[in-house]
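The values are calculated or read from the model by the stated rules, or taken from the named source; none is laboratory data. Predicted, not measured: the structure shown is a model, and the values here were computed from it. We place every Cβ from the backbone using ideal geometry, glycine too, and count neighbours over all the protein chains shown.
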There are 2 protein chains.
Amino acid sequence: MTSTWFSRDTASTPHGEGVRRLSLSERWLTPFGKVNGGYILASMLRGLGEEIGRDDPVVASVTFLSPARVGEAELRCRSLKKGRRIHTAQADLMAGDKLLATLTASFGGRREGQLYQGLPAPNLPSPDECVDPIPDTMLRRGLLERVAQATPTPPGWSLGAPTGDPVIDGWQLLEDGTEVSPPALALLTDSFVSTCFELGEYSTTTLQLTVHLYAAPAPGWLATRMSTRYLEGGLHDENCELWDRDGVLVAQARQLQLLT
Amino acid sequence: MTSTWFSRDTASTPHGEGVRRLSLSERWLTPFGKVNGGYILASMLRGLGEEIGRDDPVVASVTFLSPARVGEAELRCRSLKKGRRIHTAQADLMAGDKLLATLTASFGGRREGQLYQGLPAPNLPSPDECVDPIPDTMLRRGLLERVAQATPTPPGWSLGAPTGDPVIDGWQLLEDGTEVSPPALALLTDSFVSTCFELGEYSTTTLQLTVHLYAAPAPGWLATRMSTRYLEGGLHDENCELWDRDGVLVAQARQLQLLT
């Protein structure tokens with residue numbers, strides 16, 4: 001892993017018996033001042049993988065319990081089953097005695113085989129023909145300094161006119177874009193503009209996020225589709241698909257979010 | 001809950017300190033003789049809910065570790081956080097010392113609010129104008145006796161000619177269909193004909209399944225869309241959306257499956 005902010009800020013150190021220590025950085029705060037959930041997932045997934053000696057996660061499922069704060073935290077890892085094909089493990093993220101998040105992830109499982117891809121990448125102009133979807137009124141710090149975003153046109157919400165159609169296609173680039181590890185790919189499923197903004201809902205928090213990690217992307221920009229298909233009773237989904245520049249579907253994720 | 005096979009076969013009894021005992025029934029075997037994953041999830045989710053006194057799960061995420069067998073099993077439940085809005089808990093399903101599956105589920109969280117539904121129900125003929133998609137060559141036992149299925153036309157795979165297009169729309173009816181509890185809804189996201197059959201892949205097993213439970217369905221048949229969007233390297237997704245007869249999206253789920 002090259003020395004990027006991502007690699008520095010998701011590092012953890014082992015302290016025996018499955019315990020690892022890490023520091024949640026202010027460099028991944030959302031514009032609303034929260035520690036980004038994708039960054040938390042990436043830190044947990046990387047730490048858990050290093051603890052069990054695996055770097056090939058295929059699915060990761062995290063539930064958030066309490067808001068995280070910038071600063072020291074502890075990861076408590078446990079291996080559940082080390083099978084011939086799949087290794088599954090869990091990790092809890094703690095701040096003192098407070099449980100912040102719990103992760104279940106499975107590593108391995110890939111083998112040679114047939115390809116079927118039924119979800120083509122969105123037809124987007126190149127990133128340099130796109131615009132930055134983040135309006136000047138939004139505080140550009142943390143996450144927005146780490147992950148560049150580009151959309152064909154400004155999203156309705158960014159012009160003060162939510163479209164009512166919660167689907168946004170665009171591009172993302174993590175830092176220099178030279179290498180996207182599986183934990184970084186997991187982060188990028190939760191870093192883009194939230195589609196429920198297009199429904200006029202700006203205050204939402206992730207309860208649960210499951211990510212499928214299919215392939216290592218080609219370096220560079222990732223095509224990103226975000227969509228909300230359901231919002232009722234203060235709950236909504238948020239779906240993310242990521243394709244690399246070769247059109248390969250490299251990850252997909254779904255969240256259940258709560259309006260706050 | 002009325003006394004159906006479902007209610008009998010997903011029951012568990014508390015034995016203190018979060019431990020519940022249950023019996024996995026042969027009445028929910030797949031045509032291939034495996035204990036259905038949706039039935040396992042339903043049993044775990046119901047038991048966990050009863051243990052913490054909640055019947056309103058909104059998201060459930062299960063990872064399967066070892067194949068389950070018909071017979072006695074134990075559920076080990078733990079509450080992770082009982083918040084004002086959300087109660088999150090975990091349960092491990094054990095057969096002796098062997099961990100079969102681990103579940104994280106969150107209960108509560110619904111409140112009054114706006115409705116947006118961006119995913120319309122498939123346009124299907126009524127169930128009595130549909131056909132049974134299960135060919136006579138398939139052993140009709142267990143799950144197939146509990147959940148009726150109906151599709152507009154026979155799926156390609158059932159005629160020995162997989163279409164290569166892994167999307168199947170149809171109807172499902174659990175037993176008498178009078179009541180579908182949230183655990184039963186979870187089961188129905190994993191009970192329908194598998195779409196990877198249409199890719200000529202018949203031997204697959206679920207690694208991970210996350211279900212969003214949005215609403216209690218109106219009684220009766222549920223419209224069901226199954227789809228696979230990715231298959232490579234022995235891994236594939238399988239997506240399920242369920243709508244009630246009023247066209248309300250009541251649940252959606254995604255699995256990561258392994259070709260075996």
Are any residues in the stretch B:172-203 within 21 Å of B:Thr102 (Cβ to Cβ) and either of a type in the set (D, E, K, R) or surrounded by fewer than 22 Cβ atoms within 10 Å (Cβ to Cβ) (or both), and if so, which ones? B:Asp190
All positions within the stretch B:159-202 that are over 16 Å from B:Tyr230 (Cα atoms), out of contact with any helix residue (DSSP H, G or I) (no Cβ under 8 Å at 6 or more places or on another chain) and polar (S, T, N, Q): B:Thr178
Residue satisfying all of: in the stretch A:216-233; surrounded by fewer than 19 Cβ atoms within 10 Å (Cβ to Cβ) and outside any strand (DSSP E or B); nearest to the other protein chains (Cβ to nearest Cβ) among these: A:Gly233
Just one of A:Glu74, A:Glu51, A:Glu17 is charged (D, E, K, R), at pLDDT 95 or above, outside any strand (DSSP E or B) and in contact with a strand residue (DSSP E or B) (Cβ under 6 Å, 6 or more places away or on another chain); which is it? A:Glu51
I need the full set of residues from the stretch A:239-249 which are without any contact (Cβ under 8 Å) to a residue 60 or more places away in the chain and either at the interface with chain B (Cβ under 7 Å from one of its Cβ atoms) or over 14 Å from A:Asp169 (Cβ atoms) (or both), in order please. A:Asp244, A:Arg245, A:Asp246
Taking the residues in the stretch A:77-90 that are more than 8 Å from chain B (Cβ to nearest Cβ) and touching a Lys or Arg at 6+ places or on another chain (Cβ under 8 Å) as candidates, determine which candidate is nearest to B:Leu207 (Cα to Cα). A:His87
Condition (residue is modelled with pLDDT of 95 or more, in contact with a helix residue (DSSP H, G or I) (Cβ under 6 Å, 6 or more places away or on another chain) and not in a strand (DSSP E or B)) applied to the stretch A:86-96: is it met by at least one residue? no
From A:Val147, A:Val193, grab the single residue that is modelled with pLDDT under 95 and within 13 Å of the chain's Cα centre (by Cα). A:Val193
Determine, yes or no, whether A:Leu93 is more than 9 Å from chain B (Cβ to nearest Cβ) and surrounded by 14 or more Cβ atoms within 10 Å (Cβ to Cβ). yes
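Looking at B:Val35, B:Val131, B:Val59, B:Val70, which one is closer than 18 Å to A:Thr102 by Cα and among the β-branched types (Val, Ile, Thr)? Working first, answer last.
Details: B:Val35 fails: closer than 18 Å to A:Thr102 by Cα; B:Val131 fails: closer than 18 Å to A:Thr102 by Cα; B:Val70 fails: closer than 18 Å to A:Thr102 by Cα.
When all the criteria are applied, what remains is B:Val59.
Provide a single number: the residues in the stretch B:139-178 that are part of a loop (DSSP other than H, G, I, E, B), more than 14 Å from chain A (Cβ to nearest Cβ), in contact with a Phe, Trp or Tyr (Cβ under 9 Å, 6 or more places away or on another chain) and within 27 Å of B:Arg245 (Cβ to Cβ).
4
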Scanning the stretch A:58-71 for residues that are under 22 Å from B:Leu80 (Cβ atoms) and in a strand (DSSP E or B) gives A:Val59, A:Ala60, A:Ser61, A:Val62, A:Thr63, A:Phe64, A:Gly71
Output yes when any residue across the stretch B:181-204 is part of a strand (DSSP E or B), within 30 Å of A:Gly83 (Cβ to Cβ), within 12 Å of chain A (Cβ to nearest Cβ) and not small (Gly, Ala, Ser), and no when none is. yes
Of the conditions (1) buried (at least 21 other Cβ atoms within 10 Å of the Cβ); (2) part of a strand (DSSP E or B); (3) away from chain B (no Cβ under 14 Å), the single one that A:Ser106 does not satisfy is (3)
If you go through A:Gly53, A:Gly16, the only one that is surrounded by fewer than 19 Cβ atoms within 10 Å (Cβ to Cβ), under 29 Å from B:Thr260 (Cα atoms) and away from every other protein chain (no Cβ under 13 Å) is A:Gly53
Any idea which residue in the stretch B:117-132 is farthest from A:Gly164 (Cα to Cα), counting only those that are within 14 Å of chain A (Cβ to nearest Cβ) and of a type in the set (A, V, I, L, M)? B:Ala121
Being of a type in the set (D, E, K, R) and not in a strand (DSSP E or B) is the filter; apply it to the stretch A:234-260 and report the residue that is modelled with the highest pLDDT. A:Asp244
Of all residues in the stretch A:25-40, which are in contact with a Gly (Cβ under 6 Å, 6 or more places away or on another chain) and assigned to a strand (DSSP E or B)? A:Leu29
Which numbered condition B:Glu112 misses (of (1) part of a helix (DSSP H, G or I); (2) among the acidic types (Asp, Glu); (3) farther than 18 Å from B:Asp246 by Cα): (1)
